[in-house]
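Here's the structure we're looking at; comments come further down.
The values are calculated or read from the model by the stated rules, or taken from the named source; none is laboratory data. Every value quoted in this text rests on a predicted model; they were computed, and no experiment measured them. Every residue, glycine among them, receives a Cβ derived from its backbone with ideal geometry; neighbour counts consider all protein chains shown. Just so you know, the surface numbers come from the protein's heavy atoms only, side chains and all, with ligands and any DNA or RNA stripped out. Shrake-Rupley method; radii C 1.70, N 1.55, O 1.52, S 1.80 Å.
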Amino acid sequence: MTTTAITHIASLVTNDPSLGDGSPIGLIQDAAVVIDGDRIVWVGESSKAPATDNAVDAAGKAVIPGFVDSHSHLVFAGDRTAEFNARMSGQSYSAGGIRTTVAATRAATDDQLSANVAKYLHEALRQGTTTLETKSGYGLTVEDEARALRIAATHTDEVTYLGAHIVSPDYADDPAAYVDLVTGEMLEACAPHARWIDVFCEKGAFDGDQARAVLTAGKAKGLLPRIHANQLSYGPGVQLAVELDAASADHCTHLTDADVEALAQGNTVATLLPGAEFSTRATWPDARRLLDAGATVALSTDCNPGSSFTSSMPFCIALAVRDMGMTPDEAIWSATAGGAQALRRTDIGVVREGARADLTLLDAPSHVHLAYRPGVPLVSQVWRAGAAQL
């Protein structure tokens with residue numbers, strides 16, 4: 001292996017409060033990072049960097065940890081442009097549009113689905129994302145859910161079984177039978193290919209009792225729980241997530257005081273997905289309320305063809321700062337270290353000795369430019385596991 005130093009970094013976000021300015025993002029000015037293989041082996045001031053085999057001059061640009069996108073739906077086919085156009089023309093959003101993607105996904109070949117996943121992963125990588133979770137949920141048959149997970153697992157280690165996305169159209173008249181399928185034969189076929197299990201706990205999808213049955217069955221098979229919770233309305237999802245020690249409750253748009261307190265007291269991360277609110281003209285999640293209560297907050301794209309067709313973490317950061325009450329420092333932490341916590345990972349989302357060498361170089365002197373210059377392609381270089389990607 002050869003060592004590489006990235007030097008003359010104007011500002012380095014480490015997310016380690018023991019480094020730099022001592023803030024939660026551990027900001028170091030005029031910094032350097034040394035990579036050996038796939039790991040970070042040294043972090044500090046540029047003037048003190050040790051000798052290495054290779055050197056990259058950041059030339060006064062900022063470096064941040066690679067983004068950790070902990071919620072996406074990339075195994076799909078088809079297009080929902082017509083639905084988006086109708087919604088932007090005044091129609092309301094509901095969970096029912098998922099059925100359109102289910103039909104297209106079932107009709108697609110494995111190669112088509114895999115190519116689609118690869119396309120959007122590369123799109124995300126160009127915008128600084130080095131870790132990305134993705135789900136099944138557009139097959140809703142035993143065969144189609146299992147193949148979605150097999151395909152996803154060839155592209156990422158963070159794979160989630162979401163057979164309980166909506167009740168399959170094939171079981172529209174018997175939701176209980178579909179829950180039995182999701183927790184029985186479908187789970188048996190899907191569990192070997194996934195790390196996580198998820199459920200859309202929402203009106204029009206699955207109620208609290210059904211969600212509990214799905215997540216407890218998944219836990220019994222060794223899958224770790226996460227949940228789509230409280231997106232479209234108040235409901236039991238957040239409380240269930242905390243009760244079952246789910247890694248993440250995702251959306252968290254409609255929260256009672258009890259929900260906020262539960263998140264603040266538990267281990268479950270509140271993952272906010274501003275792309276969904278942007279694309280549906282819905283109420284913004286109140287990040288400020290959660291942060292002030294002491295809850296851990298992550299930001300993610302929710303990249304999917306219906307309600308949030310963006311793979312851009314910088315875009316979500318800009319939305320979170322502009323419309324959800326987050327500071328730029330809080331938003332960058334939530335899009336990196338917060339996402340890592342939502343995946344229960346300690347090796348990513350941080351820049352410190354021993355962490356995986358996932359780094360994003362910005363064509364800007366500070367991470368604040370991600371919100372300050374929304375829509376501008378600021379990512380100029382990405383390293384993933386120590387290897388230059390762009």
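Worth a mention:
Here is a yes/no grid of residues against (1) modelled with pLDDT under 95; (2) closer than 30 Å to Asp302 by Cα; (3) not aliphatic (A, V, I, L, M):
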site: Thr3; (1), (2), (3): no, no, yes
site: Thr7; (1), (2), (3): no, no, yes
site: Val13; (1), (2), (3): no, yes, no
site: Pro17; (1), (2), (3): no, yes, yes
site: Asp21; (1), (2), (3): no, no, yes
site: Arg39; (1), (2), (3): no, yes, yes
site: Glu45; (1), (2), (3): no, no, yes
site: Ala58; (1), (2), (3): no, no, no
site: Val68; (1), (2), (3): no, yes, no
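- Any hit, region 45-55, residues being open to solvent by less than 60 Å² (accessible area, probe 1.4 Å), without any contact (Cβ under 8 Å) to a residue 60 or more places away in the chain and touching an Asp or Glu at 6+ places or on another chain (Cβ under 9 Å): yes
- Test set (1) open to solvent by less than 10 Å² (accessible area, probe 1.4 Å); (2) among the β-branched types (Val, Ile, Thr); (3) farther than 28 Å from His122 by Cα - Ile25 fails condition number: (3)
- Residue match in region 168-184 (condition: under 29 Å from Thr346 (Cα atoms) and either assigned to a helix (DSSP H, G or I) or free of Cβ contacts under 8 Å to residues at least 60 places away in the same chain (or both)): no
- Candidates Ala364, Ala355, Ala385, filtered to the one that is open to solvent by 10 Å² or more (accessible area, probe 1.4 Å), touching a strand residue (DSSP E or B) at 6+ places or on another chain (Cβ under 6 Å), aliphatic (A, V, I, L, M) and more than 19 Å from Ser248 (Cα to Cα): Ala385
- Scanning region 238-256 for residues that are open to solvent by less than 30 Å² (accessible area, probe 1.4 Å) and out of contact with any His (no Cβ under 7 Å at 6 or more places or on another chain) yields Val238, Leu240, Ala241, Leu244, Ala246, Ala247, Ser248, Ala249, Cys252, Thr253, Leu255.
- When Ala335 is tested against the conditions (1) within 16 Å of the chain's Cα centre (by Cα); (2) farther than 17 Å from Ile28 by Cβ; (3) open to solvent by 10 Å² or more (accessible area, probe 1.4 Å), the lone failure is (3).
- When restricted to residues that are of a type outside the set (Val, Ile, Thr), in a loop (DSSP other than H, G, I, E, B) and touching a residue at least 24 places away in the same chain (Cβ under 8 Å), region 3-17 contains 2.
- Annotation: of all residues in region 175-197 being open to solvent by 20 Å² or more (accessible area, probe 1.4 Å), over 26 Å from the mean Cα position of the chain (by Cα) and not hydrophobic (A, V, I, L, M, F, W, C), the one that is farthest from Asp250 (Cα to Cα) is Glu185.
- Options Met324, Met313; residue that is among the hydrophobic types (A, V, I, L, M, F, W, C) and either modelled with pLDDT under 95 or more than 21 Å from His73 (Cβ to Cβ) (or both): Met324
- Condition met for Ala371 (open to solvent by less than 10 Å² (accessible area, probe 1.4 Å), out of contact with any Leu (no Cβ under 8 Å at 6 or more places or on another chain), on the phi < 0 side of the Ramachandran plot and among the small types (Gly, Ala, Ser)): no
- Test result for Val33, closer than 15 Å to Glu353 by Cα, hydrophobic (A, V, I, L, M, F, W, C), open to solvent by less than 20 Å² (accessible area, probe 1.4 Å) and in contact (Cβ under 8 Å) with a residue 24 or more places away in the chain: yes
Condition check ((1) in a strand (DSSP E or B); (2) of a type in the set (Lys, Arg); (3) farther than 22 Å from Ala124 by Cα; (4) open to solvent by 20 Å² or more (accessible area, probe 1.4 Å)) across all residues:
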{"position": "Ala258", "(1), (2), (3), (4)": "no, no, yes, yes"}
{"position": "Asn267", "(1), (2), (3), (4)": "no, no, yes, yes"}
{"position": "Glu277", "(1), (2), (3), (4)": "no, no, no, no"}
{"position": "Ala295", "(1), (2), (3), (4)": "no, no, yes, no"}
{"position": "Phe315", "(1), (2), (3), (4)": "no, no, no, yes"}
{"position": "Ala320", "(1), (2), (3), (4)": "no, no, no, no"}
{"position": "Met326", "(1), (2), (3), (4)": "no, no, yes, no"}
